[in-house]
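Here is the structure we will look at.
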Amino acid sequence: MKLIKGSPADMTGREEREIRAYRFLDALGIDYDRTDHPDMPASTMEVCAVVDSILNVRICKNLFLCNRQKTDFYLLIMPGDKPFRTRELSKQLNTSRLSFANEKDMVRLLDVYPGSATVLALITDTEHRVKAVVDEDVFKEELFGCHPCVNTSSIRFRTAELTEKIFPALGITPAVVKLTGE
């Protein structure tokens, strides 16, 4: 694996959801680096650790969650080394009984599959059905790493681009939480 500047010169064989992510970043003028790893999908935190060592970023978890009634959906972005406790997050969001949402809802609302959840999947959620939730520690990092809607490539860009360009372009103000894992 190696770092490559920007989107692929040749998009042949790339999924439409991945191409859409690159076009979105390029349209916003975001400077990013990419690494492709088609033989090593980053679907576990262990594989993400290898990929992120190439990107030189702190690993983030992207968790797709919902309430018990499946009427409220959340994309939680948090440091990968923090334990996740639904009770802690539920209290901060003032909701009860959060759980992992199913694959069907993930595909329907974000057009991604498990292991590929990413802030860039919010591009497809034009009705803002999924609420972005970010642990405050994510914003303390200089660089932010994520998937371009597929887990066979990974990208990094300045975290400031997330707050100053990506969220505003999506019309999103994320809920910021402070998770301790307790």
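The values are calculated or read from the model by the stated rules, or taken from the named source; none is laboratory data. Because the structure is predicted, anything quoted here is derived from the model rather than measured. Neighbour counts are summed over all protein chains in view; Cβ atoms, including those assigned to glycine, are modelled from backbone coordinates with ideal geometry.
Contact map, region 65-94: first residue within 21 Å of residue 127 (Cα to Cα) and surrounded by fewer than 17 Cβ atoms within 10 Å (Cβ to Cβ), second residue modelled with pLDDT under 95 and of a type in the set (D, E, K, R), Cβ cut-off under 6 Å, separation 6 or more or different chains; pairs are 68/97. Being surrounded by 13 or more Cβ atoms within 10 Å (Cβ to Cβ) and at pLDDT 95 or above holds for only one residue in 20, 34, and it is 20.
Can you tell me which residue among 42, 49 is within 21 Å of residue 145 (Cα to Cα), modelled with pLDDT under 90 and touching a strand residue (DSSP E or B) at 6+ places or on another chain (Cβ under 7 Å)? If you could, list the steps in order and put the result at the bottom.
Details: 49 fails: touching a strand residue (DSSP E or B) at 6+ places or on another chain (Cβ under 7 Å).
Answer to the selection: 42.
For region 78-87, the count of residues that are hydrophobic (A, V, I, L, M, F, W, C) and within 16 Å of residue 144 (Cα to Cα) is at least one. Would it be correct to say that residue 119 is under 30 Å from residue 5 (Cβ atoms), surrounded by 15 or more Cβ atoms within 10 Å (Cβ to Cβ) and free of Cβ contacts under 8 Å to residues at least 60 places away in the same chain? Taking the combined requirement at face value, the residue satisfies it.
Looking only at residues in region 139-153 that are of a type outside the set (Val, Ile, Thr) and under 17 Å from residue 75 (Cβ atoms), the one that is surrounded by the fewest Cβ atoms within 10 Å (Cβ to Cβ) is 139.
When you scan region 51-63, do you find a residue that is surrounded by fewer than 15 Cβ atoms within 10 Å (Cβ to Cβ) and within 16 Å of residue 118 (Cα to Cα), even just one? Walk me through it before giving the result.
Going through region 51-63, the residues surrounded by fewer than 15 Cβ atoms within 10 Å (Cβ to Cβ) turn out to be 53, 56.
Now drop any that are not within 16 Å of residue 118 (Cα to Cα), which leaves none.
Scanning region 51-63 turns up no residue that is surrounded by fewer than 15 Cβ atoms within 10 Å (Cβ to Cβ) and within 16 Å of residue 118 (Cα to Cα).
Within region 159-167, not a single residue is more than 14 Å from the chain's Cα centre (by Cα) and in a loop (DSSP other than H, G, I, E, B). When 136, 127, 103 are checked against the criterion of being without any contact (Cβ under 8 Å) to a residue 60 or more places away in the chain, exposed (fewer than 14 other Cβ atoms within 10 Å of the Cβ) and touching a strand residue (DSSP E or B) at 6+ places or on another chain (Cβ under 6 Å), a single residue qualifies: 136.
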